[in-house]
Amino acid sequence: MCGIIGVLGDHEVAPLLVETLKRLEYRGYDSAGIATVNNGVLDRRRATGKLVNLSDLLVHNPLAGKAGIGHTRWATHGAATTGNAHPHSCGPVTVVHNGIIENFRELRAMLANHGLTPSTETDTETVAMLAAHHMAQGMTAREAVKATVAALHGAFALLFLFQGQEDLMIAARKGSPLAIGYGKGEMFVGSDAIALAPMTDRVTYLEEGDIAFVTRSGVEIIDENHAHANRDIVRIEASATLIDKRGHKHFMTKEIHEQPTVVAEALGRYAPSGLPSFPDRLDFTQIDRVVMVACGTGYYSCLTAKYWFEQVAGIPCEVDVASEFRYREPPVTPRTLALFVSQSGETADTLAALRYMKDKAAIVASLVNVGTSSIAREADLALAILAGIEVSVASTKAYTNQLTILALLAVHAARQRGHISDAAARAHVIDLMGLPDLMRQALALEPQIARIAEDLAPAPSILFLGRGVMYPTALEAALKLKELSYIHAEAYASGELKHGPIALIDRTLPVVVFAPHDRLFEKTVSNMQEVLARHGLVTLITDATGAALASEGTAAQLILPTASELCAPILYALPAQLIAYHAAMAKGTDIDQPRNLAKSVTVE
Ligand code: M6R
């Protein structure tokens with residue numbers, strides 16, 4: 001969500017702040033701003049919309065200073081207006097914030113008693129007001145921030161700058177990540193390593209409850225009890241700096257085309273010698289039940305894995321969206337593996353669900369793409385998704401890597417529980433090893449998929465159908481299409497069609513059917529016939545056998561290479577992604593940063 005950068009530099013910082021905010025664009029935002037302190041004076045510039053608006057403003061109305069903070073805002077409290085854009089200032093304090101201050105109304109009421117009234121609709125302004133109030137009572141900036149942070153409820157990352165103090169930034173973390181970066185005589189604060197990568201490769205990640213007092217000569221960190229804290233300095237992986245489109249028009253298409261490579265890397269890591277290999281702590285002889293929790297696309301990878309855990313490993317598996325799970329307070333049996341799946345590792349609901357399961361489940365594991373994230377760090381065991389940095393808001397390569405690793409995990413569970421023989425496990429792995437090649441063949445069909453997508457793009461609404469493992473694939477296809485092209489889309493298990501959605505079918509409704517020639521093929525095709533009988537416009541996505549048996553009457557067909565039930569949902573994700581991508585191209589939407597969306601959803 002919101003992006004944060006802070007610099008105590010030895011050059012003018014405004015250009016660097018804007019350049020860094022550009023690197024944080026991928027997180028999703030609707031306004032941006034920067035503040036500097038120059039000759040002791042705090043000043044700020046803010047603009048709605050894309051960063052170019054802030055850059056234009058700075059051309060006409062520059063901001064001098066060698067100490068500054070910057071922010072990209074994803075609106076939560078108050079519309080995306082210039083007034084609501086960060087930084088928010090009150091008296092000698094200016095602050096940027098990621099997250100939500102839950103008790104801002106109570107704090108506002110308290111501050112009103114001291115004659116302080118807000119001028120924005122935001123929760124963040126209350127933080128600046130409270131710190132300013134404490135300073136007016138005689139506290140130093142450090143004391144004021146400590147007192148302010150202690151009074152805040154919610155999840156947040158905060159970065160403060162002060163009037164008259166050109167060698168001090170104060171950062172506070174509770175719920176949303178922040179990293180401190182070390183330069184030569186310069187110091188940086190960023191909401192993630194991507195922000196800091198061009199300036200430094202040495203960073204310290206703040207822990208929950210930490211407050212960091214940053215000066216050009218270093219950082220002093222205190223923990224949630226205000227005791228001095230030593231935090232490691234780590235080297236940012238080189239890959240954190242590899243953020244360019246490599247000749248692709250969008251990050252999304254680059255990431256779609258990286259899938260054969262990153263799937264191969266995941267297979268190499270988790271099945272290095274022909275059998276699945278996972279840490280010893282994942283002992284499925286001690287597990288009777290798997291509970292998987294995630295949001296969005298990660299939820300669909302869990303739904304797919306449910307079929308595998310149950311069918312391949314014979315182990316009961318429940319899947320839930322994190323926002324429901326966390327408040328349902330489900331009873332937990334002791335021999336439960338709780339598995340949390342998240343690309344970013346910072347999704348607020350998934351993190352809260354993980355915390356609920358801590359000390360209840362036999363083991364709390366996570367499958368996460370960002371190794372330094374909260375969900376990776378707080379789990380008993382973190383499995384890496386190994387997709388590399390995913391910049392596009394729409395998740396693609398993280399999804400197919402999640403699926404690949406979960407397929408291997410299900411085979412691992414089946415083998416450990418004696419549900420299948422070693423030979424059968426090896427056969428599954430050999431099957432999965434064929435995926436990168438199958439994916440390359442599917443990607444070669446992109447021109448044909450683009451034509452299908454262009455035909456679908458004018459439709460106001462599209463229905464996706466699938467059975468078994470193709471049902472979550474249909475759900476993922478509908479989500480991708482909605483996110484990217486803003487076309488309304490729904491997905492159903494095809495057996496559910498006649499329980500209601502069939503009422504929608506007419507000559508104008510495009511219906512995309514995922515139907516590989518598997519053991520449920522006949523059943524899916526029967527449902528497809530019910531659509532065709534009502535003049536629905538069917539696009540059939542299948543393999544050569546399926547196409548030979550069921551193409552008649554369909555408006556379009558896409559023939560993918562033949563794949564097993566383990567590989568099919570991973571392979572069929574590719575046309576789902578490419579349909580969404582090319583429909584979005586046809587509609588001219590903002591592909592890498594769709595409206596209203598954020599890459600990392602750090603508020604519930
Ligand atoms: O980072 P996470 O995997 O926890 O994110 C969960 C969802 O917000 C995410 O998958 C979202 O649905 C994507 N935009 C899908 O493309």
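Residue count for the stretch 166-222 satisfying the condition of being among the hydroxyl-bearing types (Ser, Thr, Tyr), open to solvent by 20 Å² or more (accessible area, probe 1.4 Å) and within 19 Å of Ala35 (Cβ to Cβ): 1.
The single condition among (1) touching a residue at least 24 places away in the same chain (Cβ under 8 Å); (2) of a type in the set (S, T, N, Q); (3) surrounded by fewer than 14 Cβ atoms within 10 Å (Cβ to Cβ) that Ser301 does not meet is (3).
Residues in the stretch 583-604 that are within 16 Å of the ligand (Cβ to nearest atom) and modelled with pLDDT of 95 or more were compared, and the one that is most open to solvent (accessible area, probe 1.4 Å) is Thr589.
Check whether at least one residue in the stretch 558-577 is of a type in the set (S, T, N, Q), open to solvent by 20 Å² or more (accessible area, probe 1.4 Å) and within 16 Å of the ligand (Cβ to nearest atom), and report yes or no.
Step one: filter the stretch 558-577 for residues of a type in the set (S, T, N, Q), giving 562, 564, 577.
Still in the running and open to solvent by 20 Å² or more (accessible area, probe 1.4 Å): 562, 564.
Subset that is within 16 Å of the ligand (Cβ to nearest atom): none.
Checking the stretch 558-577: not a single residue is of a type in the set (S, T, N, Q), open to solvent by 20 Å² or more (accessible area, probe 1.4 Å) and within 16 Å of the ligand (Cβ to nearest atom).
Report the residue count in the stretch 312-335 for those that are over 25 Å from Leu386 (Cα atoms), more than 16 Å from the ligand (Cβ to nearest atom) and out of contact with any His (no Cβ under 7 Å at 6 or more places or on another chain). Result for the stretch 312-335: 11.
Quick one: is Ala394 at pLDDT 95 or above, within 16 Å of the chain's Cα centre (by Cα) and either crowded, with 23+ Cβ neighbours inside 10 Å or within 13 Å of the ligand (Cβ to nearest atom) (or both)? Can you show your working first?
Details: at pLDDT 95 or above: yes; within 16 Å of the chain's Cα centre (by Cα): yes; either crowded, with 23+ Cβ neighbours inside 10 Å or within 13 Å of the ligand (Cβ to nearest atom) (or both): yes.
In short, yes.
The residues on offer are Ser277, Ser273, and the sole one that is surrounded by fewer than 17 Cβ atoms within 10 Å (Cβ to Cβ), more than 16 Å from the ligand (Cβ to nearest atom) and either outside any loop (DSSP other than H, G, I, E, B) or in contact (Cβ under 8 Å) with a residue 60 or more places away in the chain (or both) is Ser277. Taken together, the residues in the stretch 280-297 that are more than 16 Å from the ligand (Cβ to nearest atom) and either open to solvent by 10 Å² or more (accessible area, probe 1.4 Å) or assigned to a loop (DSSP other than H, G, I, E, B) (or both) amount to 9. Within the stretch 336-347, the set of residues being more than 13 Å from the ligand (Cβ to nearest atom) and of a type in the set (S, T, N, Q) comprises just one member, Thr336. Looking for something exposed (fewer than 15 other Cβ atoms within 10 Å of the Cβ) and touching a residue at least 24 places away in the same chain (Cβ under 8 Å) - is there at least one such residue anywhere in the stretch 114-129? Yes, the stretch 114-129 contains at least one residue that is exposed (fewer than 15 other Cβ atoms within 10 Å of the Cβ) and touching a residue at least 24 places away in the same chain (Cβ under 8 Å).
Name the residues in the stretch 79-98 that are small (Gly, Ala, Ser) and crowded, with 24+ Cβ neighbours inside 10 Å, would you? Talk me through it step by step, then tell me what you get.
In the first step, residues of the stretch 79-98 are kept if they are small (Gly, Ala, Ser); the result is 79-80, 83, 85, 89, 91.
Within the stretch 79-98, Ala85 is the sole residue that qualifies.
In the stretch 34-74, which residues are under 23 Å from the mean Cα position of the chain (by Cα) and either crowded, with 24+ Cβ neighbours inside 10 Å or among the acidic types (Asp, Glu) (or both)?
Those that are under 23 Å from the mean Cα position of the chain (by Cα) and either crowded, with 24+ Cβ neighbours inside 10 Å or among the acidic types (Asp, Glu) (or both): Gly70, His71, Thr72, Arg73.
With respect to the conditions (1) within 12 Å of the ligand (Cβ to nearest atom); (2) open to solvent by 10 Å² or more (accessible area, probe 1.4 Å); (3) under 15 Å from Leu566 (Cα atoms), Asn401 lacks only one, and its number is (2).
So that you can scan it fast, the table gives a plain yes or no per residue for (1) open to solvent by 10 Å² or more (accessible area, probe 1.4 Å); (2) under 20 Å from Thr253 (Cβ atoms):
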site	(1), (2)
Val429	no, no
Ala442	no, yes
Glu446	yes, yes
Ile449	no, yes
Leu463	no, no
Ala477	no, yes
Glu483	yes, yes
Tyr486	yes, yes
Tyr492	yes, no
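Every condition in (1) crowded, with 23+ Cβ neighbours inside 10 Å; (2) of a type in the set (Asp, Glu); (3) out of contact with any strand residue (DSSP E or B) (no Cβ under 9 Å at 6 or more places or on another chain) holds for Glu143 except the one numbered (1).
Of all residues in the stretch 130-173, exactly one satisfies the criterion of being without any contact (Cβ under 8 Å) to a residue 12 or more places away in the chain and of a type in the set (Val, Ile, Thr), namely Thr140. Of all the residues in the stretch 1-28, those that are assigned to a loop (DSSP other than H, G, I, E, B), without any contact (Cβ under 8 Å) to a residue 60 or more places away in the chain and surrounded by fewer than 24 Cβ atoms within 10 Å (Cβ to Cβ) number 2. I'd like to check something: does the stretch 458-478 contain any residue that is part of a strand (DSSP E or B), within 23 Å of Arg595 (Cβ to Cβ), of a type in the set (Asp, Glu) and modelled with pLDDT of 95 or more? Among the residues of the stretch 458-478, not one is part of a strand (DSSP E or B), within 23 Å of Arg595 (Cβ to Cβ), of a type in the set (Asp, Glu) and modelled with pLDDT of 95 or more, which makes the answer no. Selection of first residues in the stretch 46-66 that are polar (S, T, N, Q) and of second residues that are assigned to a loop (DSSP other than H, G, I, E, B), restricted to Cβ pairs under 7 Å at least 6 apart or on distinct chains, gives the following pairs, ordered by first then second residue: Thr48/Asp30; Thr48/Ala80; Thr48/Thr81; Thr48/Thr82; Thr48/Ala85.
There is no residue in the stretch 27-42 that is among the hydrophobic types (A, V, I, L, M, F, W, C), at pLDDT 95 or above and farther than 25 Å from Val214 by Cα. Of the residues making up the stretch 348-391, just one is of a type outside the set (A, V, I, L, M, F, W, C), within 23 Å of Ala407 (Cα to Cα), within 12 Å of the ligand (Cβ to nearest atom) and in contact (Cβ under 8 Å) with a residue 60 or more places away in the chain, namely Glu390. Taking the conditions (1) modelled with pLDDT of 95 or more; (2) outside any loop (DSSP other than H, G, I, E, B); (3) closer than 28 Å to His11 by Cβ in turn, Asn98 satisfies each one other than (1).
The values are calculated or read from the model by the stated rules, or taken from the named source; none is laboratory data. Model, not experiment: these values are computed from the prediction. Using ideal geometry, Cβ is built from the backbone for each residue, glycine included, and neighbour counts are taken over all protein chains shown. Surface accessibility is based on the protein's heavy atoms, side chains included, excluding ligands, DNA and RNA. Shrake-Rupley method; radii C 1.70, N 1.55, O 1.52, S 1.80 Å.
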